[in-house]
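A.B. asks: Here it is, the structure in full.
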Amino acid sequence: MKIAKAYQKEVFCLEGDWSNDLKKQNSIMAALLFLKQNRNIDFIHRNCGTIENLSYYLLQWQLKRYSNYSILYLAFHGKPGQILINKTPIHLDELAEMLGPNCHNRIIHFGSCQTLNTDKRHIKRFLKKTNALCVCGFGKELPFVESSVFDILLIDMFQEFLDVRRVEATLKQNYSALMNRLEFKLIHL
């Protein structure tokens, strides 16, 4: 169950609003463009301002035509065990219900603060409900640029290995100080 189907893993990114001030243009888009330009990793990027947007795009991601987009990158504000959409919490169990058991051979990355700062049993329950290959993310409040750079490293590393255990081991070998500082976790069954 820990082996990906292909080396090349495209990214399906759903991003929330980072600020109530619409003049601020914070976005993970620059990181995605960097990966496209330097590693030829295709991506789909959509903004989600409502729970309905999130639910709609999660269903779209599961369509056969998007099967190459095996990394779901959820870039939202977060709290322990949840992501936030305009301050509305979506708990891991709710997100698992939205996804259903259709995430076989797919990776779910929470590019959000604190989402994986929760009991490992909750994360494993999420994995079992979704059948995802693995889930990864952060356990603490994050500096935007530092975590975005780590997201680039992570997505790049997923291109190198089929076995997610090798991704985790290589990250620990090369970036353990950064992983510890960000409280990064990669969980698989």
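A.B. asks: I need to check one value: relative contact order of the chain, counting alpha carbon pairs closer than 8 Å and at least 6 residues apart, in percent.
C.D. replies: So the answer I get is 25 percent.
A.B. asks: Can you give me the span-like helices of the chain, meaning DSSP H runs with 18 Å or more of Cα extent along the axis and Kyte-Doolittle mean at or above -0.5?
C.D. replies: Helix filter hits for the chain: 144-158, 164-182.
A.B. asks: Efficiency by 1/(1 + (r/R0)^6): what FRET value for E146 and I44, r their Cβ-Cβ distance, R0 = 30 Å, to the nearest 0.05?
C.D. replies: Here the calculated transfer efficiency is 0.75.
A.B. asks: Then there is this: If the elastic network links every pair of Cα atoms under 10 Å, which of D42, D119, D156 fluctuates the most in the Gaussian network model of the chain?
C.D. replies: Result for the chain, Cα springs under 10 Å: D119 fluctuates most.
A.B. asks: I need to check one value: relative contact order of the stretch 128-189, counting alpha carbon pairs closer than 8 Å and at least 6 residues apart, in percent. Don't skip to the end; give the middle numbers.
C.D. replies: Details: 44 pairs, mean separation 37.2, N = 62.
Across the stretch 128-189, relative contact order equals 60 percent.
A.B. asks: Over the Cα atoms of the stretch 89-178, how large are the radius of gyration and the largest Cα-Cα distance (Dmax), in Å?
C.D. replies: Expressed in Å, the Cα Rg and Dmax of the stretch 89-178 come to 13.3, 35.
A.B. asks: For a quick check, take a GNM of the chain with Cα springs below 10 Å and name the residue from I108, I152, I123 with the largest mean-square fluctuation.
C.D. replies: For the chain, modelled as a Gaussian network with Cα springs under 10 Å, the answer is I152.
A.B. asks: Between L153 and K120, what length comes free when the chain is fully extended (0.36 nm per residue of separation minus the Cα-Cα distance, one decimal in nm)? Before the final figure, lay out each step's value.
C.D. replies: Details: separation 33, 0.36 × 33 = 11.88 nm, distance 2.37 nm.
Roughly 9.5 nm would be gained on extension.
A.B. asks: Per the Kirkwood definition applied to all pairs of different Cα atoms, how many angstroms is the hydrodynamic radius of the stretch 1-137?
C.D. replies: Here the Kirkwood hydrodynamic radius works out to 15.2 Å.
A.B. asks: How large is the dipole of the chain about the Cα centre if only Lys and Arg carry +1 and Asp and Glu carry -1, each at its Cβ, rounded to the nearest 20 debye?
C.D. replies: Numbers: 25 positive and 18 negative charges, 104 e Å.
Value, rounded to 20: 500 debye.
A.B. asks: Taking the alpha-carbon centroid of each part, what is the distance from the stretch 152-189 to the stretch 1-74 in angstrom?
C.D. replies: For the stretch 152-189 versus the stretch 1-74, the Cα centre distance is 19 Å.
A.B. asks: Toward the positive end of the charge dipole of the stretch 49-189, about the Cα centre and with charges on Cβ (Lys, Arg +1; Asp, Glu -1), which of N174, H77, A132 goes farthest?
C.D. replies: Of N174, H77, A132, it is A132.
A.B. asks: Separate question: Where a Cα-Cα gap under 17 Å defines reach, which aspartates and glutamates qualify for K79, not counting those fewer than 8 residues away within the same chain?
C.D. replies: Leaving aside aspartates and glutamates fewer than 8 places away in the same chain, those within reach of K79 are E15, D17, D93, E94, D119, E141, E183.
A.B. asks: Would you tally the net charge around I3, using a Cβ to Cβ cut-off of less than 12 Å, leaving I3 out, and scoring K and R as +1, D and E as -1?
C.D. replies: With Lys, Arg at +1 and Asp, Glu at -1, the net is +3.
A.B. asks: Semi-axes of the stretch 127-189's equivalent ellipsoid from the Cα gyration tensor, sqrt of 5 times each eigenvalue, largest first, rounded to whole Å? Mind dumping the intermediate values first?
C.D. replies: Values: eigenvalues 73, 42, 22 Å².
Output for the stretch 127-189: semi-axes of 19, 14, 10 Å.
A.B. asks: Under the √(5λ) rule applied to the eigenvalues of the Cα gyration tensor, what semi-axes describe the equivalent ellipsoid of the stretch 41-90? Give them in Å, descending.
C.D. replies: 22, 12, 9
A.B. asks: Hull surface divided by four, with the convex hull built on the Cα atoms of the stretch 57-124: how many nm²?
C.D. replies: Average projection, Cα convex hull of the stretch 57-124: 4.5 nm².
A.B. asks: Net charge around A75, counting only other residues with Cβ within less than 10 Å of its Cβ (Lys, Arg = +1; Asp, Glu = -1)?
C.D. replies: -2
Here, each number is a calculation from the coordinates, and none is a lab measurement. What you see is a predicted model; the values in this text were computed from it and never measured. Glycine also receives a Cβ, built like all others from the backbone with ideal geometry; neighbour counts cover every protein chain displayed.
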